1. Has the stretch 167-175 got any residue that is closer than 20 Å to Pro31 by Cβ, assigned to a helix (DSSP H, G or I) and under 20 Å from the mean Cα position of the chain (by Cα)?
2. Scanning for something part of a helix (DSSP H, G or I), closer than 18 Å to Pro134 by Cβ and either touching a residue at least 24 places away in the same chain (Cβ under 8 Å) or within 16 Å of ligand 1 (Cβ to nearest atom) (or both), does the stretch 59-72 turn up at least one residue?
3. What pairs come out if I take residues in the stretch 89-111 that are in contact (Cβ under 8 Å) with a residue 24 or more places away in the chain and pair them with residues that are more than 12 Å from ligand 1 (Cβ to nearest atom) and not in a helix (DSSP H, G or I) whose C-beta lies under 7 Å away, six or more apart or interchain?
4. For the condition out of contact with any Lys or Arg (no Cβ under 7 Å at 6 or more places or on another chain), under 30 Å from Glu154 (Cα atoms), away from ligand 2 (no atom under 11 Å from the Cβ) and in a helix (DSSP H, G or I), what is the one hit in Arg114, Arg119, Arg105?
5. Name the residue that is farthest from the chain's Cα centre (by Cα), counting only residues in the stretch 85-100 that are under 16 Å from Ala138 (Cα atoms), within 13 Å of ligand 2 (Cβ to nearest atom) and not in a loop (DSSP other than H, G, I, E, B).
6. Specify which of the listed residues (Ala103, Ala121) is within 14 Å of ligand 1 (Cβ to nearest atom) and under 29 Å from Ala72 (Cβ atoms).
7. Just one of Ala141, Ala124, Ala135 is within 29 Å of the chain's Cα centre (by Cα), on the phi < 0 side of the Ramachandran plot and loosely packed, with under 15 Cβ neighbours inside 10 Å; which is it?
8. Within the stretch 24-77, restricting attention to residues that are touching a helix residue (DSSP H, G or I) at 6+ places or on another chain (Cβ under 6 Å) and of a type in the set (Ser, Thr, Tyr), which residue is surrounded by the most Cβ atoms within 10 Å (Cβ to Cβ)?
Amino acid sequence: MRPFLLSALLALPATAQEAAPLPISLPSSLPPDVAEAILARPDRFADMAADLIHGHGTGGTISPATIETAIALDRAFYRTRALRPFHESDLDGDGTLTPAELAARAATLSPPGRARLMRDATAADADADGTLTPAELAPYAQAQVARALRPLDEGLMRAAAAFDADADGLTALTEITRALRTLSPAD
Ligand SMILES: [Ca+2]
Ligand SMILES: [Ca+2]
């Protein structure tokens, strides 16, 4: 059933959907890869949307601006997580990690922790000179963010805004659950 619904959704422009109603009500503004992901796992999208709205929204609703804030908070979390081992190694706090600083920190870690620190340091050391500069750490952290938070993940978070059925600028969780319910006529 779902492959048919998906192909129907992707094949028809919004006006055609209005002319010939289909048993789907995903917002037509959704990017195709995002719509496909929602159709593939509507339950997972519903869980994500509930967490997003309960965690960041107000009164059971969320605005596009607040969704962007939630995405930025996620990015900051992963950026901080990527940099924490290096900050812990920056003994003189100058933002640059020398081989001696990395070795001093590594000596305090368990063998797996040491291996991880050195592996991460190698990955971050773009010019392979053994020293990690702020200019190397920033893109390294961004790359880790991109690995942890894929564009599709962010697309799914932004998709919540497209379910604003009454166009009041806020998406209520009930607007999402009501729309998703139409995806599973058997329920
Ligand atoms: Ca330093
Ligand atoms: Ca370097």
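1. no
2. Of the stretch 59-72, the ones part of a helix (DSSP H, G or I) are 64-72.
Within this subset, residues satisfying the condition of being closer than 18 Å to Pro134 by Cβ are none.
No, there is no match, as no residue in the stretch 59-72 is part of a helix (DSSP H, G or I), closer than 18 Å to Pro134 by Cβ and either touching a residue at least 24 places away in the same chain (Cβ under 8 Å) or within 16 Å of ligand 1 (Cβ to nearest atom) (or both).
3. Pro99/Gly130
4. Unique residue meeting the criteria: Arg119.
5. Here the answer is Leu97.
6. Step by step, each of Ala103, Ala121 is checked, and only Ala121 is within 14 Å of ligand 1 (Cβ to nearest atom) and under 29 Å from Ala72 (Cβ atoms).
7. Ala135
8. My answer is Thr66.
We did not get these values from a lab; they are worked out from the coordinates using the rules stated. Here the structure is a predicted model, which is why all the values come from computation and not from measurement. Virtual Cβ from ideal backbone geometry, glycine too; neighbours counted across all protein chains shown.
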